[in-house]
Amino acid sequence: MQGRRPAETRWMCLICLIMKWYLVITYISLVVCIAGCLYHVIQIIRHRKTRDFSKSADTVGSAITYSFTKAMNPARKESAYLHVPTYIAGMLYHLGTFLSAVLLFVFLFSIDLYRTIELFISVFLMVSILCGTAILVKRIFSKLLREITVIDDYISNILVTAFQVCTLVYIHFSLPVYYIAASALLLYIPFGKLRHAVYFFAARYYLSLFYGHRGTWPPIKH
Amino acid sequence: MEHLSTHTIEKGLEILRKFDDGRFLTSINSCVHCGLCADSCMYYVSMKENAFIPAKKVALIESIYKRYYTFTGRTFPKLIHAKELNGETTAELIDLFYGACTLCGRCNIHCAIGVDIAYLVSIGRAMLAEMGLTPPTLQSTVDAALTSGNNMRIATDDFVETLKWLEEELRDEVNDPDASIPLNEKDRNLLYTLNPREPKFFPLSISAMAKIFYAARESWTISTHMYDVTNYAFFTGNLNEARIIAQRMLDEVKKLNCRELILAECGHGERAFRWEAPNYLQTNFDFPVRTSVELLAQYIASGRIKVDKTLMKEKVTLHDPCNLVRSGGIIQEQRYILSKTVTDFVEMNPHGADNLCCGGGGGQLSMSEYNERRMKIGELKAEQIKKTGASVVVSPCHNCVDQLLQLNSYYKLRVKIKTLAELVAEALVLE
């Protein structure tokens, strides 16, 4: 009958799909990750700010802008300018993670990468992997960090770094292990500390609400 | 810590559930345990104890919250180090949240993510207060306010007597028999509050403000029934008691029908009434609330009072109270006043919204059990003062003034500590 595939073809498709089982797992993981992150977004919206009865200083709008821009300036943050190597490593590591995440979509949806870009991406990922490893080593050996570290911190760091390593390898050798690493990371995001990817924006928003309402942010130069 | 009853634990957990708002939810889920906040905390910087890292405080309340209210914490507690609320965690909470935090909020500003650490500590304190575990020394200050109307238990007769004496002094000083400190007058422009430390230990700061009001020809009054600007229940975390104290002040403004409430130089008093009380009481205030700092700046800017900056010959520096500056947004006004009243002004480094706490905030001055820590963290402020080379330190907060006086003696700084009103009164030119 026209429009229907013969039984043999349907079986071939199924076999192909089974052979690409790692892709199926990755798609499922992606759906779980998006659903989990959406759950957190809904939680943030559901627990949105409670009414503040005090009289506002009316600088909330500019405080929100300030919170996401100048307040993040490393020159204004002790957490940055007193810890320059860690800060730079952290920034590069995050950029490497975003890059790997973008590449996951590139690979999943078979978008072609130019060779020149591949080289650039590979070098950047190598640097990012080194930064992630350095952060992990620091967490293991620093007495201060061990005091506040939980298993979740190690797992998160290892999963992200492993994902970047596998991305780097996959650019040059298409090994299915890449999809396993991606799936493990995607599944973990909503449950571990990696969900700060969602909460970070809400945290900065709430901080700007507080300081903007009271007139502390944005600061006035004197 | 002794065994806690199930009822006590449930009361504490109920607070965590009740505070399940967006600000709390995001802060409890955002900390990445990077530890970079350590250098922004005076406790960690001065004592280098890992337990004092702000992230450790976040981790503690986070671990309890997640143990009871998240899937991961309930299912895999070890994965995120989720802890039960018991005698051990409670003892840790008391020591870190009451004894190792001034709620200065400096860590908030410098946190790489933007976690509202001070807010989480406040909620931890609210939890402990609900469980009846506030340090007795701090609670006694609140009890004094609740039972006597002011945190120093000053009897009304003694208070009135002090003000009458100050009124006579004022008349002599300005050479005007009609000069007065009006008490319980209705329908005045301003109801002026006081920190009970003023009538008890520093009456000259009341004289200074009275002299300024006289020069400005202000219509003002002080209530003898409710004049205490402080609200230490803000520090204990007991919101019911904070509400009672705030309600009394609100009632007094209404009773005396004054057009504006002026809060004396008190960082936490300003924060507790101007910013927190409307939320304690779930109401918008239908009258303006300002600090005396803003009022003094306005008097000078409008020419309502005349000041001569050449009268102050000494080098002056400014200590910014955390609650007034970081949590109250009053940063420029005190600098404007100083620009008009002193010739040689030098800033501390850092200053403004980035300033270091004096060490006396968060109720630390009331908790004698933590005196040693308080003086130790105050060393950073003492060093800041020394580096300015100033001989006068001004601070628009009586709580800070008290701590600075102790630091002055302990670290042999040999400086004079003054309030802004005292400085303005000294520069005042009476016409």
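Just so it is clear, none of the values below were taken in a lab; they were calculated from the coordinates. Please read all numbers here as calculations on a predicted model, not as lab measurements. For neighbour counting, all protein chains shown are included, and Cβ atoms are generated from backbone atoms with ideal geometry for every residue, glycine included.
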* Can you list the aspartates and glutamates whose alpha carbon sits under 17 Å from that of A:LYS77, skipping same-chain ones fewer than 8 residues off? -> B:ASP39, B:ASP116, B:ASP354
* Packing-based exposure ordering (other Cβ within 10 Å, fewest first) of A:ILE121, A:ILE180, A:ILE15 -> A:ILE15, A:ILE180, A:ILE121
* To do: Considering Cα pairs under 8 angstrom that are at least six residues apart, work out the relative contact order of chain A and quote it in whole percent.
  => 40
* Name the most mobile residue of B:ALA272, B:ALA215, B:ALA91, meaning the one with the largest mean-square fluctuation, in a Gaussian network model of chain B with Cα contacts below 10 Å. => B:ALA91
* To do: Pick out, from A:VAL24, B:ILE417, A:PRO218, the residue whose Cα sits farthest towards the positive end of the charge dipole of the protein assembly as shown, with +1 on the Cβ of Lys and Arg and -1 on the Cβ of Asp and Glu.
  => A:VAL24
* On a 0 to 90 degree scale, rounded to 10, what angle separates helix B:398-410 from the longest Cα axis of chain B? -> 80
* Percent breakdown of C-alpha pair distances by 20 Å bin, ordered from the shortest bin, for the protein assembly as shown -> 17, 46, 25, 9, 2, 0
* Asked: Relative to the compact globular guide of 2.2 N^0.38 Å, what is the alpha carbon radius of gyration of segment B:381-431, as a ratio?
  -> 1.23
* Structure fact -> Note on segment B:183-234: alpha-carbon gyration tensor, axes a ≥ b ≥ c; rule is a/c under 1.5 for rounded, else prolate if a/b larger than b/c, else oblate; result oblate
* In whole angstrom, how far apart do the alpha carbon centroids of segment B:355-380 and segment B:230-297 sit? -> 24
* Count charges around B:GLY22 for me, please; just the other residues with Cβ under 11 Å from its Cβ, Lys/Arg as +1, Asp/Glu as -1. => +1
* **Around A:VAL137: net Lys/Arg minus Asp/Glu count, Cβ-Cβ under 15 Å** => +3
* Of A:LYS138/B:LYS57; B:LYS309/B:LYS418; B:LYS48/B:LYS381; B:LYS313/B:LYS416; B:LYS340/B:LYS418; B:LYS18/B:LYS78, pairs whose Cα-Cα distance is over 19 Å -> A:LYS138/B:LYS57; B:LYS18/B:LYS78
* At 1.567 mPa s and 4 °C, Stokes D of segment B:306-429 from Kirkwood alpha-carbon radius, µm² per second -> 89
* Asked: Can you sort A:ASP152, B:ASP178, B:ASP172 so the residue with the fewest Cβ neighbours within 10 Å comes first?
  -> B:ASP178, B:ASP172, A:ASP152
* Residue-by-residue Karplus 3J(HN,Hα) for segment B:222-236, coefficients 6.51, -1.76, 1.60, Hz, glycine and proline x -> 10, 8, 8, 8, 9, 10, 6, 6, 6, 8, 5, 5, 4, 7, 5
* How much net charge surrounds B:PRO288 when only the other residues with a Cβ under 9 Å from the Cβ of B:PRO288 are counted, with Lys and Arg +1 and Asp and Glu -1? -> +2
* **For the protein assembly as shown, share of DSSP beta bridges that run antiparallel, in % to the nearest 5** => 10
* Asked: For segment B:1-149, rounded, prolate or oblate, judged on the Cα gyration tensor with a ≥ b ≥ c (square roots of eigenvalues), a/c < 1.5 rounded, else prolate if a/b > b/c?
  -> oblate
* Taking a cut-off of 15 Å between Cα atoms, list the aspartates and glutamates near B:LYS255, but don't count ones fewer than 8 places away on the same chain. => B:GLU185, B:ASP187, B:ASP286
* Asked: For A:ILE220 and B:LEU430, FRET efficiency with R0 = 35 Å and r from the beta-carbon atoms, rounded to 0.05?
  -> 0.60
* Structure fact -> Between the Cα axis of helix B:292-302 and the main Cα principal axis of chain B, the angle (0 to 90°, nearest 10) is 40
* Structure fact -> Per the rule of 0.36 nm per residue minus the C-alpha distance, extending A:ASP58 to A:PHE105 adds in nm 12.7 nm
* Structure fact -> The extension gain from B:LEU183 to B:LYS48, computed as 0.36 nm times the residue separation minus the Cα-Cα distance, is 43.6 nm
* What FRET efficiency would be calculated for the residue pair A:ARG146, B:ASP39, taking the C-beta separation as r and a Förster radius of 22 Å, to the nearest 0.05? -> 0.80
* To do: Equivalent ellipsoid semi-axes for chain B, as square roots of 5 times the alpha carbon gyration tensor eigenvalues: give them largest first, rounded to whole Å.
  => 39, 25, 18
* Any idea what the relative contact order of chain B is, in percent, if you count C-alpha pairs under 8 Å spaced at least 6 apart? -> 15
* Asked: Cα centroids of segment B:191-208 and segment B:109-130: how far apart, whole angstrom?
  -> 32
* Structure fact -> Note, segment A:186-200: 3J(HN,Hα) by Karplus (6.51, -1.76, 1.60, θ = phi - 60°), whole Hz, Gly/Pro = x, goes 4, 5, 7, 3, x, 9, x, 6, 5, 5, 4, 4, 8, 6, 3
* To do: Give the cross-link partners of B:LYS164 among the lysines, using a straight C-alpha distance below 18 Å as the criterion and excluding same-chain residues fewer than 8 apart.
  => B:LYS200, B:LYS211
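In what order do A:PHE201, B:PHE235, A:PHE109, B:PHE97 fall by count of nearby beta-carbon atoms within 10 Å, going from fewest to most? Write down the numbers at each step before the final one.
Values: A:PHE201 17, B:PHE235 28, A:PHE109 7, B:PHE97 24.
Starting with the residue having the fewest Cβ neighbours, the order is A:PHE109, A:PHE201, B:PHE97, B:PHE235.
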* segment B:6-133, relative contact order in percent, only Cα pairs under 8 angstrom and at least six apart counted -> 34
* Starting at the first residue of segment A:173-181, write each ³J(HN,Hα) from the Karplus equation 6.51 cos²θ - 1.76 cosθ + 1.60 with θ = phi - 60°, in whole Hz, x for Gly and Pro. => 9, 6, 9, x, 4, 4, 5, 5, 4
* Interchain or long-range residues, amide H under 5 Å from B:LYS306's placed H -> B:VAL429
* To do: Take the Cβ-Cβ distance between A:VAL137 and A:LEU95 as r, set R0 to 22 Å, and report the resulting FRET efficiency rounded to the nearest 0.05.
  => 0.65
* Shape metrics for segment A:78-214, restricted to C-alpha atoms - Rg then Dmax, Å -> 16.7, 55
